[in-house]
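For reference, the structure discussed in these notes is given below.
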Amino acid sequence: MKRATMLVVMLALAIFGWAQDKAPAAQSAPAQAAPAQPPVGKRPPQAKTQAEFDAYKVAAANTDPAALEKSADDFAAKFPDSELRVLLYRTAMHSYQTANKAENMMEMGRKVLKLDPDDPEALVGVAQVLAERTRESDLDKDQRLDEGTKLALHAVETTDTDITVPAGTPQDKIEE
């Protein structure tokens, strides 16, 4: 339990440190307006065809976590090269998190990471579940906590470059 607590504390400190690094840069900026810079982060996933987008909308309309997971799996089978698969699995991950189903949330997070190993949301989600659900009596306790630590540290590394910024997001909202 002590290692799990340390993992969560390390993650919180790393994120706090990252946020502090960003704050001084914003405060020390010159008073004159700087030229607008393109948003930092990945471009949002896009559908290749109208049929793919229509199938995505139908799958994403599910509000039940299990139905959303099944729809995401069906969509991934029908469109194995679709960029939208990651969005569906990430949505299912959040849906399971809201429903307080940590093991299912972690499974969806792992599916996201298979598609995008640098996805900060999935990295943090899986690391959090590993830290919270690992017990002193678990035979694989050390491996689970080590994996959680690696995922959390990788999340901190990828936060600046791998968060998807929706098109049209104002620069001041990105910098917050």
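Cβ separations smaller than 7 Å between residues 6+ apart or across chains give the following pairs from the stretch 64-93 residues that are of a type in the set (Asp, Glu) to residues that are open to solvent by 20 Å² or more (accessible area, probe 1.4 Å) and outside any helix (DSSP H, G or I): Glu83/Pro45; Glu83/Gln46.
The rows are residues; the columns are (1) farther than 28 Å from Asp172 by Cβ; (2) modelled with pLDDT under 95; (3) open to solvent by less than 40 Å² (accessible area, probe 1.4 Å).
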| residue | (1), (2), (3) |
| --- | --- |
| Gly17 | no, yes, yes |
| Gln20 | no, yes, no |
| Gln32 | no, yes, no |
| Ala66 | yes, no, no |
| Tyr96 | yes, no, yes |
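Applying the set (1) more than 30 Å from Pro170 (Cβ to Cβ); (2) in contact with a strand residue (DSSP E or B) (Cβ under 8 Å, 6 or more places away or on another chain) to Val58 leaves exactly one unmet item: (2). Count of the stretch 125-151 residues, restricted to those that are polar (S, T, N, Q), in a helix (DSSP H, G or I) and touching a residue at least 12 places away in the same chain (Cβ under 8 Å), is 2. A single entry from Glu103, Glu147 fulfils the requirement of being touching a helix residue (DSSP H, G or I) at 6+ places or on another chain (Cβ under 8 Å), over 29 Å from Arg43 (Cα atoms) and acidic (Asp, Glu): Glu103. The residues in the stretch 127-160 that are open to solvent by less than 80 Å² (accessible area, probe 1.4 Å) and at pLDDT below 85 can be counted, and the count is 6.
The values are calculated or read from the model by the stated rules, or taken from the named source; none is laboratory data. The shown structure was predicted, so the numbers you read here are calculated from the model rather than taken from an experiment. We place every Cβ from the backbone using ideal geometry, glycine too, and count neighbours over all the protein chains shown. These accessible areas exclude ligands, DNA and RNA; they are computed on the full protein's heavy atoms, side chains included. Shrake-Rupley method; radii C 1.70, N 1.55, O 1.52, S 1.80 Å.
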